[in-house]
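The values are calculated or read from the model by the stated rules, or taken from the named source; none is laboratory data. None of these values were measured; they are calculated from a predicted model. Using ideal geometry, Cβ is built from the backbone for each residue, glycine included, and neighbour counts are taken over all protein chains shown. Accessible surface areas use protein heavy atoms only, side chains included; no ligands, DNA or RNA. Shrake-Rupley method; radii C 1.70, N 1.55, O 1.52, S 1.80 Å.
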Amino acid sequence: MSHRIALNFEDGTTRFIDANEGESIADAAYRQGINVPLDCTNGVCGTCRAFRQSGEFDPGSYIEDALSEAQAAEGYVLCCQAKAKSDMVIDILASSGACKVKPKDTIAEIVEVEALSAHRIRLSVKPLEGAFPMFLPGQYVNVTAPNEMTKRPYSFTSAPGADVATFLIRNVPGGKMSAYLEAKAKKGDRLLVNGPFGSFYLRAPRRPILFLAGGTGVGPILSMLEHLAARGANDQPVQLVYGARDDADLVEVKRIEALAARIPKFTYHTSCSGPGSRQPLAGHVTDHLTAGALNNGDVDVYLCGPPGMVESGRQHVAKLGLLPANIHYEKFVPASEAFAA
Ligand SMILES: Cc1cc2nc3c(=O)[nH]c(=O)nc-3n(C[C@H](O)[C@H](O)[C@H](O)COP(=O)(O)OP(=O)(O)OC[C@H]3O[C@@H](n4cnc5c(N)ncnc54)[C@H](O)[C@@H]3O)c2cc1C
Ligand code: FES
C-alpha cells in the first residue's frame, strides 16, 4: 500500500509523490525525481529536516544533533528516516528550484592551499573543465581527496559562479582530510567535488539580517556576503557577529572589511572567547545576542558553526522570548560521524 505525500516548497510550489510502505520520504522523493536536501542519509547531519503539516509517520532513528527532542515536538521530521503511515503534507525547507538541481561530480584542481593560522586552511580550487554546478550562497559540496577515499563536506566561501571556488577549513588535529591538506596537498592535485547540497542558503532579503558565525562557520556566510556584494541591490541592514576561541583563528577579517565597503548598511563585530584577546567583544558569539540585535523579532537569523554553538544560539534566542521571522542554521557536524571514515 502506498501513501500520497504533498511536498510544499519554500517558493510555494507543491509536488505530490507516492511513498511505499516502509520507504523513507527522501527515497520516495528521489525515486520520483525530486532531490530534497539530503546528505548522510543516516539521521546524523540534519540536512533533510522538514516540517510535518499533517499525517502519521514512523520517525525512524537519528541522533540528537540531527533533530532535537524539542524540534521533533514542534513537528520537524527527518526525511531520510521518516516513513509515511498515512497520506502526509510536508514543508520542505528549500525552494523547488534547489531540489531539482541534481548533485554533480566535478573534477577540480587545487589552485592554492594556504595555512591562515595553525587551525585554519584556505583551499582554492577550479574545475578541470567547464564550470562548477550552480549553487545557492551558503550551500556545500562533498570533497574527496585523491587516493585517500576520504570524503568531507565543506561550504563554499566564494560566490556562486566564481571561476575559482574557495573553502575555509578547520585543521582538525588527527583529522584525515586535515592531515592531507596540511601535509600533502599541492597545486595541481585533483579533487572530486560532488554537490551542491544543503538548505542553509541565503533567502531574498525582506527584513534585517543577522549572521552569527562560530569559527569556520563564517565560511558559508562569506559566500552569502559575497553574493550580496555582487548583487548590489540589498537595502536591508545586515549585521555579522563572528567569533572564535583565539584571535589567531579569527581569519578572513580583511575580506569581511572589504565586503563591508561594498554592502550598504553592513556592520560586523568580532568576538573572542579565549583569554588575552584583542577583539572588541569578549565571550561567545551568542553572548552578544540582545533583543536589540534581534530587532525585536523582525529579523532573519543565519547561524552557523560547531553543533554546540548553534544549539546554544537557538536556545538563547528562545530564552529572550523572541521569535525571529526566520532562523536558518547549519551545524558543522564532524563528517566522520556521517560518513564511513
Ligand atoms: C554540512 C556541513 C558543512 C561543513 N562545512 C565545513 C566548512 O566549510 N569548513 C569546515 O572546516 N568544516 C566544515 N564542516 C565540518 C567538516 O566536514 C569536518 O570538520 C571535517 O569532517 C573534518 O574532517 P577531517 O577528515 O579533517 O577530520 P576527521 O577524520 O573527520 O575527524 C578526526 C577527529 O576529529 C573530530 N572532528 C572532526 N571535525 C571536527 C570539528 N569540526 N570539530 C571538532 N572535532 C572534529 C572527529 O570527531 C574525529 O574524532 C561541515 C560539516 C557539515 C556537516
Ligand atoms: S540526510 Fe537525514 S539526517 Fe542527514
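Of the residues making up the range 288-334, those that are within 13 Å of residue 211 (Cβ to Cβ) and among the hydroxyl-bearing types (Ser, Thr, Tyr) number 2.
Quick check on this structure: which one of 229, 318 is among the small types (Gly, Ala, Ser), more than 26 Å from residue 119 (Cβ to Cβ) and either touching a residue at least 24 places away in the same chain (Cβ under 8 Å) or in a loop (DSSP other than H, G, I, E, B) (or both)? 229 is the lone residue from the list that is among the small types (Gly, Ala, Ser), more than 26 Å from residue 119 (Cβ to Cβ) and either touching a residue at least 24 places away in the same chain (Cβ under 8 Å) or in a loop (DSSP other than H, G, I, E, B) (or both). Within the range 237-249, residues that are over 16 Å from residue 168 (Cα atoms) and touching a residue at least 40 places away in the same chain (Cβ under 8 Å) sit with their Cβ atoms under 6 Å from residues that are of a type in the set (A, V, I, L, M, F, W, C) and crowded, with 16+ Cβ neighbours inside 10 Å, at 6+ positions apart or across chains, in these pairs: 239/210; 241/212; 241/285. Considering only the range 136-158, state which residues are open to solvent by 20 Å² or more (accessible area, probe 1.4 Å) and touching a residue at least 60 places away in the same chain (Cβ under 8 Å). Matches in the range 136-158: 136, 151, 152, 153, 154.
Within the range 166-193, track down each residue that is of a type in the set (A, V, I, L, M, F, W, C), part of a strand (DSSP E or B) and buried (at least 19 other Cβ atoms within 10 Å of the Cβ).
Of the residues in the range 166-193, the ones of a type in the set (A, V, I, L, M, F, W, C) are 167-169, 172, 177, 179, 181, 183, 185, 191-193.
Checking the rest, the ones that are also part of a strand (DSSP E or B) come to 167-169, 191-193.
If the condition is that a residue be of a type in the set (A, V, I, L, M, F, W, C), part of a strand (DSSP E or B) and buried (at least 19 other Cβ atoms within 10 Å of the Cβ), then 167, 168, 169, 191, 193 are the ones that fit.
Cβ-Cβ contacts under 9 Å between residues 6 or more apart (or on different chains), taken from a first residue in the range 1-29 that is in a strand (DSSP E or B) to a second residue that is open to solvent by less than 50 Å² (accessible area, probe 1.4 Å) and acidic (Asp, Glu), are listed as 2/23; 7/91; 8/91. Among the conditions (1) open to solvent by 70 Å² or more (accessible area, probe 1.4 Å); (2) within 16 Å of ligand 1 (Cβ to nearest atom), residue 31 misses just one, which is (2). Under the condition of being within 16 Å of ligand 1 (Cβ to nearest atom) and open to solvent by 50 Å² or more (accessible area, probe 1.4 Å), the residues counted in the range 49-64 number 3. Restricting attention to the range 277-290, the residues that are open to solvent by 40 Å² or more (accessible area, probe 1.4 Å) and in a loop (DSSP other than H, G, I, E, B) total 6.
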